[in-house]
């Protein structure tokens, strides 16, 4: 009778509860003692989620809200996930990597989601199955893919993935590269030079490179005031450039002789075309720059898995139906987050979370044979221009004329005012946001 | 059917169907909109320990008045003015009604069953 001592049965469970949670077939078929937290009706519809990051984890949680009965399986390559968001903090010691490391334990236990740690290597859209590295095959009714980004090292002569793991980390996926970049920042000699080279659009976390630049400048201000950061940009504009540059003026002497930060636009030759690793030099459209630290954040495309299973188009990203996030290329397959082409929405963690919720409703509705409701998306990006100086961009989005566009007059960046409360409170909100966001995603 | 009756029912229909001027989407459901608030205000608005105010259990009137004031620029804001400008009155009302019914407790202390019951507290304002 050991099963009776099992925690599952410590609570009072009525047959009705079981039917509600697991579906009538499961209860009828197995009898009450056969039911476990993993039991689903044999004929339960199955939604398979590839990727347990921000998009995949949010999706699974909110699909459970929308549908108590559907069987949900997440297949994720790694047992732990380090959020890219706030990983700039790790470079300057405001957060540790451990504090940004999450797992799917709560998603599994609280939301009754199967979690499989394995790597998907192929999909058969006719048979509606995916195959994994360990040789398993999973059948799905709906497949949801949230594969993140991949880097286009080929856009830079002399730079490759292996060098990124070594002396030239891009640190644009959080992990060991983040720690290596921290080590290098601390090692910049007195009066030395650091270079950050942001990518061309579109890319993950549009304010990320400029927040990182701000942190480097702040670090130099505190610890190495004769050092200098040069941002070599292929673009002439970047997100929140108004409030960012105002902050740089206020905090780091931007545009003065003693500036800790210099920004070279694409028109001024800022695009990096080559890395000369041996001489610690980069070549740009406007000439060569020597430095003690070189941080190239490469141009990007949809995650490797999306490419491998045929979800990308010529742009390198994944086209989707705007109301549901369903792939425009394969039916019953959905693409979330950075990999998707979501028009006005930035490739941010917030966007992935927002899209996951829209998609969860659409999937639940479609499985019930209903028409999905009106889609509504949102994004807020809080960034720090200094430890206590926040800047933000926010928008609500709707689908209009076949595109995801800002709704009403909602789109806007932080106003530039003389009120000190604005940037200070935005910095407070940024920190609050990070704590609440990861809870909404992983618990 | 008398012409008068047809006219009357058409009129009635116009009132039950609050949505959409021509070319606009029907409004999203209250919960679909409310879910979008979670990254800052907690899942289902159930975050009571941070600087951003919790929305779960907030009286609908208070929510509605605050959002409209943010939107119209009559209430000082850091970010909520920009967010509120994305919503019309009917949408704000739909979210308000939904949030009012959510449990007044931290999300992490709320069971799935408890939440699923609250999830059914759909507003009357939207579809689904």
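The values are calculated or read from the model by the stated rules, or taken from the named source; none is laboratory data. What you are looking at is a predicted structure, and each value in this text was computed from that prediction instead of being measured. Neighbour counts run over all protein chains shown; Cβ positions are idealised from the backbone, glycine included.
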Any helices (runs of 4 or more DSSP H) falling wholly within the stretch B:35-128 and containing at least 3 residues that are within 13 Å of another protein chain (Cβ to nearest Cβ) and farther than 21 Å from residue A:357 by Cβ: B:60-72
Considering residues of the stretch A:404-443 that are surrounded by fewer than 18 Cβ atoms within 10 Å (Cβ to Cβ), in contact with a helix residue (DSSP H, G or I) (Cβ under 8 Å, 6 or more places away or on another chain) and more than 7 Å from chain B (Cβ to nearest Cβ) only, the residue farthest from residue B:71 (Cα to Cα): A:416
Selection count where residues are under 14 Å from residue A:174 (Cα atoms) and in a loop (DSSP other than H, G, I, E, B), scope the stretch A:94-112: 3
Residue within the stretch A:251-274 that is part of a strand (DSSP E or B), buried (at least 17 other Cβ atoms within 10 Å of the Cβ), touching a strand residue (DSSP E or B) at 6+ places or on another chain (Cβ under 8 Å) and in contact (Cβ under 8 Å) with a residue 60 or more places away in the chain present: yes
Lone unmet requirement of (1) more than 8 Å from every other protein chain (Cβ to nearest Cβ); (2) in contact with a helix residue (DSSP H, G or I) (Cβ under 9 Å, 6 or more places away or on another chain) for residue A:395: (1)
Odd one out for residue A:306, checked against (1) touching a strand residue (DSSP E or B) at 6+ places or on another chain (Cβ under 8 Å); (2) surrounded by fewer than 23 Cβ atoms within 10 Å (Cβ to Cβ); (3) not assigned by TED's automatic domain parsing to the domain that holds residue A:203: (2)
Test: residue A:80 is free of Cβ contacts under 8 Å to residues at least 24 places away in the same chain, surrounded by 14 or more Cβ atoms within 10 Å (Cβ to Cβ) and either within 22 Å of residue A:173 (Cβ to Cβ) or within 14 Å of another protein chain (Cβ to nearest Cβ) (or both): no
Elements of type strands (runs of 3 or more DSSP E) contained in the stretch A:113-219, each with 3 or more residues being surrounded by fewer than 16 Cβ atoms within 10 Å (Cβ to Cβ): A:120-124
Any chance residue A:200 is within 17 Å of residue A:291 (Cβ to Cβ), in the same structural domain as residue A:271 (by TED's automatic domain parsing) and in contact (Cβ under 8 Å) with a residue 60 or more places away in the chain: no
Number of the condition not met by residue A:314 [criteria: (1) more than 27 Å from residue A:207 (Cβ to Cβ); (2) without any contact (Cβ under 8 Å) to a residue 60 or more places away in the chain; (3) not in a loop (DSSP other than H, G, I, E, B)]: (3)
